[in-house]
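S.K.: Let me give you the structure first, and then I'll get to my questions.
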């Protein structure tokens, strides 16, 4: 059963008047609209949803990289509003909440970092939902989002000595191209770098 | 460490009074017969007792999500086969379901029935193989697995007949399936469904009262319901603890509303319950299969309006999930209107079910860790992606 | 120093079996290969299926999967080798006792396969350890694994243990272990072992440079 996101928003506004929460409409046919939550109130909002609206299952936490804010505008999930006036790109974390008792969901929440550099911080929600523990570590590993307050923020999939964040859009993988008999498309571009053509 | 009064967090990593010099640090895996692939755990032992357990992931991290962002939507379908490689067809369905939600594609009735049949056969394969593997973890190395793989081969023959591949089916398409059932396939499947019950009886006869199984599994690895839900545990693990949450009933997708079946629930949530839940789920799967085969309608096997080449879903995002054999398998897709997904995320049940592994193992013996890990039923292709 | 086949056949009819030590040793080795119980990914399931009820690898003396590399002769690299896993694979190979053989099972172990574009995927285990037999497929069927095993048995049966062309493990100067790569900031270091792996030197036909 799909969730009544307007009621959830009203509930949050009533209980946490200071929280910055704004609705983001999803233009696609999936009818899954989301709530953009300010970083300072993210943990409180999640705790409120868990304790008072019975959203007890944090199913999924995704990281998204938006290096180009114009692109984020074009994808209208990010719709109108003050956020579109950004100059640099940012990293985003998307939460999907379900209620096992009321059997509704998903309630989609999003939080954003200030930029993609040193301030790529989003508060950790592990204190409210344990299920975020490994997923936040994964997002830290692959996107470089720093989850403030995470109890054990280490790399999870790549090795500890690794320095890059490979899921970012601007990541360049190490070039370990090898011989391929019939190069074409992207592989041909690589082949041109590695093997000279017969003249 | 942060704490929250309403929810338990990890127990202290050292037992009170434990002397660090006396502790034994064991690195279990990545090459270990009981870690189901290349999973690794750093275990700290006080004598035989586990005082800390830290999973180490990534030994099979093969960049599924990154690769998927660089290829078209349909090109990711064969990669989903390789996520949870014991049950490729469920993964196919989950992904097709997510893209159908993203683009608003209708699925014809016959295709829905085919999907249900294939997904439930996959559940049979997964749970049967699970029986073999967990018995192997308890020391019955090989013999239980022999029985399990004997039956698995019969189902794989059906898959091969239909899709041309034993394991990596690449069968679902957005809006249906790749091809229709070949002549006589439904009849063969029907015979298999009839014969599967006696096999389950046989397997159950060997296991239910088995003294070793009882001694090793009962009262091992329980956690309170609330902690399990909070930890994101889904699937048979959660239902073994008595939480009535199966996506087939809670948020029916496909045509599951049409079938009459029950959701088996456990009582204590120990490893024994987790094994028995899977037995009962297989019996319910057989019921669904029987109904689906009897009702299987004629018609299209794929929506003729669904576009295969140059498929571009509208701008937007979607999160869709199905009840995979291991738990909630979800896909989160963001489309920017091009042929490639802007963001492609898999919500892997095996990975998230491991969140509470340490909590389940603390204070138990090292030998119990192997059973608990076996009862979670992980597949590394999905854990690390 | 081959034996006249006619003479050998005559003697065999009299109940006398004539052979050479080389043949005898190779026959023994090829008939009881003990694989390392070591599954990496999808192919491991098919590897298990090959040992189970329907395909029964025990018919060829190769069902005794050993969890310890010290007791194994054959490493079946069954699945994708990631860069994070590669040092462990090389280390396991180094820990195996001579003579040791490697089967690269499946497209991933051979070349990275479908995951070749991945930043964490090793483009073939032959970059670090010598491979005896490759089995293409994704995943190869159990029959294909049996076929690979047959190929390896034939290869072992033809091994020269003495003389100039003897095999690596019979050569006192032959390498028994290979350097283990280390985790670097961006990639494995070194990314390949140039002593054993060099891509063919090719030039592309025509086109701009």
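Every read-out reported here was derived from the displayed coordinates using simple, explicitly stated rules and does not represent laboratory data. Predicted model, so just to flag it, every value in this text is computed and none were measured. Neighbour counts are summed over all protein chains in view; Cβ atoms, including those assigned to glycine, are modelled from backbone coordinates with ideal geometry.
S.K.: Between the stretch B:252-277 and the stretch B:306-345, how far is it from one alpha carbon centroid to the other, in angstrom?
M.R.: So the two Cα centres are separated by 27 Å.
S.K.: Let me ask something additional. Running a GNM on chain A with Cα contacts under 10 Å, which residue among A:137, A:47, A:103 ends up with the highest mean-square fluctuation?
M.R.: A:103
S.K.: Once you have a ≥ b ≥ c as the square roots of the Cα gyration tensor eigenvalues for the stretch C:90-185, tell me rounded if a/c is under 1.5, and otherwise prolate or oblate according to whether a/b is larger than b/c.
M.R.: Details: a/c = 2.80, a/b = 1.25, b/c = 2.24.
Here the stretch C:90-185 falls in the oblate category.
S.K.: Given points 7 Å out from each Cα along the Cα-Cβ axis, report the residue B:249 to residue B:212 separation in nanometres with one decimal.
M.R.: A separation of 3.5 nm, rounded to one decimal place.
S.K.: With a cut-off of 8 Å between alpha carbons and a minimum separation of six or more residues, what is the relative contact order of chain A in percent? Walk me through the numbers before you get to the answer.
M.R.: Values: 324 pairs, mean separation 35.1, N = 199.
RCO, chain A: 18 percent.
S.K.: Given 10 °C and 1.306 mPa s, how large is the Stokes-Einstein diffusion coefficient of the stretch B:289-385 in µm²/s, with Rh as the Kirkwood radius over Cα pairs? Could the numbers behind the result be given before it?
M.R.: Numbers: Rh = 17.2 Å.
It diffuses with D of about 92 µm²/s by this estimate.
S.K.: Just counting partner chain Cβ atoms within 10 Å, what average do the residues of peptide B:76-86 show around their Cβ?
M.R.: On the way: counts 0, 0, 2, 2, 0, 3, 10, 1, 1, 8, 2.
Taking all residues of B:76-86 together, the mean is 3.
S.K.: Sorting B:26, A:45, C:121, C:131 on the 10 Å Cβ count, fewest up front, what's the list?
M.R.: Numbers: B:26 15, A:45 24, C:121 28, C:131 20.
Sorted ascending by nearby Cβ count, the order is B:26, C:131, A:45, C:121.
S.K.: A further question on this structure: How far is it, in nm, from the label point at residue A:194 to the one at residue C:150 when both lie 7 Å from their Cα along the line to the Cβ?
M.R.: If labels sit at residue A:194 and residue C:150, their model points lie 3.4 nm apart.
S.K.: Would you calculate a helix-derived [θ] at 222 nm for chain C, using -39,500 (n - 2.57) for each DSSP H run of n ≥ 4 and dividing by the full residue count, to the nearest 500? Show your work: numbers first, answer last.
M.R.: Values: 6 runs with 62 residues, N = 209.
Per the formula, -9000 deg cm²/dmol.
S.K.: Related question: I'd like the orientation of helix C:86-95 relative to chain C: the angle between its Cα long axis and the longest Cα principal axis, in ° from 0 to 90, rounded to 10.
M.R.: Tilt of helix C:86-95: around 30 degrees.
S.K.: Here is a further query. So in chain A, what percent of DSSP beta bridges are antiparallel if you round to the nearest 5? It would help to have the intermediate numbers written out before the result.
M.R.: Values: 20 of 26 bridges.
Of those bridges, close to 75 percent are antiparallel.
S.K.: Let me ask something additional. Sorted by packing (mean other beta-carbon atoms within 10 Å per residue), highest first, where do B:233-245, A:155-167, B:330-342 land? Walk me through the intermediate numbers first.
M.R.: Details: B:233-245: 25.3, A:155-167: 18.7, B:330-342: 21.7.
Put in order of decreasing packing, that is B:233-245, B:330-342, A:155-167.
S.K.: Okay, moving on. Working from Cα positions, state the angle (0 to 90°, nearest 10) between the long axis of helix C:21-31 and the longest principal axis of chain C.
M.R.: That works out to roughly 60 degrees.
S.K.: Enter the angle in degrees (range 0 to 90, nearest 10) between the Cα long axis of helix B:143-163 and the first principal axis of the Cα atoms of chain B, meaning the one along which they spread out most.
M.R.: 20 degrees
S.K.: Report Rg (one decimal) and Dmax (nearest whole number) for chain B, counting Cα atoms only, units Å.
M.R.: 21.2, 70
S.K.: Please tell me the relative contact order of the stretch B:64-384 in percent, rounded to the nearest whole number, where contacts are Cα pairs under 8 Å and at least six residues apart. All intermediate terms of the calculation are to be shown ahead of the outcome.
M.R.: On the way: 566 pairs, mean separation 88.0, N = 321.
Computed value for the stretch B:64-384: 27 percent relative contact order.
S.K.: Any idea what the relative contact order of the stretch C:1-111 is, in percent, if you count C-alpha pairs under 8 Å spaced at least 6 apart?
M.R.: Working: 141 pairs, mean separation 28.3, N = 111.
For the stretch C:1-111, the relative contact order is 25 percent.
S.K.: Something else about it: Using only C-alpha positions, report the orientation-averaged shadow area of the convex hull of the stretch B:103-232, nm², one decimal.
M.R.: Details: hull surface 44.1 nm².
Averaging across all directions leaves 11.0 nm² for the Cα convex hull.
S.K.: While we're here: Across 10 Å bins from 0, what is the distribution of all Cα-Cα pair distances for the stretch B:166-211, in whole percents?
M.R.: 21, 28, 28, 18, 5
S.K.: Continuing with the same structure: Just C:100, C:158, C:12 to compare: in a GNM of chain C, with alpha carbon springs under 10 Å, which one fluctuates most?
M.R.: Result: C:12 has the largest fluctuation of those listed.
S.K.: Let me ask something else. If you build the convex hull over the alpha carbons only and average its shadow over all orientations, what do you get for chain C? Give it in nm² to one decimal. All intermediate terms of the calculation are to be shown ahead of the outcome.
M.R.: Values: hull surface 64.3 nm².
If you wrap the Cα atoms of chain C in a convex hull and average its projections, you get 16.1 nm².
S.K.: Kirkwood hydrodynamic radius, computed over distinct alpha-carbon pairs, for the stretch B:169-290: how many Å, to one decimal? List each step's numbers first, then the result.
M.R.: Values: mean 1/r = 0.0598 Å⁻¹.
Final number for the Kirkwood radius of the stretch B:169-290 is 16.7 Å.
S.K.: Per residue of chain A, what 222 nm ellipticity follows from adding -39500 (n - 2.57) for every DSSP H run with n ≥ 4, rounded to the nearest 500? Walk me through the numbers before you get to the answer.
M.R.: Numbers: 5 runs with 50 residues, N = 199.
Per the formula, -7500 deg cm²/dmol.
S.K.: If you project the alpha carbons of the protein assembly as shown onto the principal axes, what extent comes out on each, in Å, largest first?
M.R.: Between the extreme Cα coordinates on each principal axis of the protein assembly as shown lie 100, 71, 69 Å.
S.K.: Suppose we keep just the DSSP beta bridges with both residues in chain C; what percent of those would be antiparallel, to 5? Show your work: numbers first, answer last.
M.R.: Numbers: 3 of 14 bridges.
Counting DSSP beta bridges with both partners in chain C, the antiparallel share is about 20 percent.
S.K.: Sorted from fewest to most neighbouring beta carbons within 10 Å, what does the list B:216, B:283 look like?
M.R.: By the 10 Å Cβ count, ascending: B:283, B:216.
S.K.: Report the paramagnetic label zone for residue B:194: residues of the stretch B:142-184 whose backbone N is under 11 Å from a point 7 Å from Cα along the Cα-to-Cβ axis.
M.R.: Nothing falls inside the zone, counting backbone N under 11 Å.
S.K.: Run the paramagnetic zone check for residue B:160: 7 angstrom along Cα to Cβ, then residues of the stretch C:136-165 with backbone nitrogen under 15 Å.
M.R.: C:138-147
S.K.: Take the alpha carbon atoms of the stretch B:46-67, find their center, do the same for the stretch B:82-146, and report the distance between the two centers in whole angstrom.
M.R.: 24 Å
S.K.: Right, something else. Taking neighbour Cβ counts within 10 Å as the exposure measure, how do C:155, C:83 sort from fewest upward?
M.R.: Values: C:155 15, C:83 27.
Sorted ascending by nearby Cβ count, the order is C:155, C:83.
S.K.: What distance in nm lies between label points placed 7 Å from Cα along the C-beta direction at residue B:49 and residue C:8?
M.R.: In this crude spin-label approximation the distance works out to 6.6 nm.
S.K.: With both partners inside the protein assembly as shown, how many of the DSSP beta bridges are antiparallel, as a percent to the nearest 5?
M.R.: Details: 55 of 73 bridges.
The antiparallel proportion sits near 75 percent.
S.K.: Please report, in cubic angstrom per residue, the volume enclosed by the convex hull of the alpha-carbon atoms of chain A. Don't skip to the answer; put the middle values down first.
M.R.: On the way: hull volume 34.3 nm³, N = 199.
Roughly 172 Å³ of hull volume per residue.
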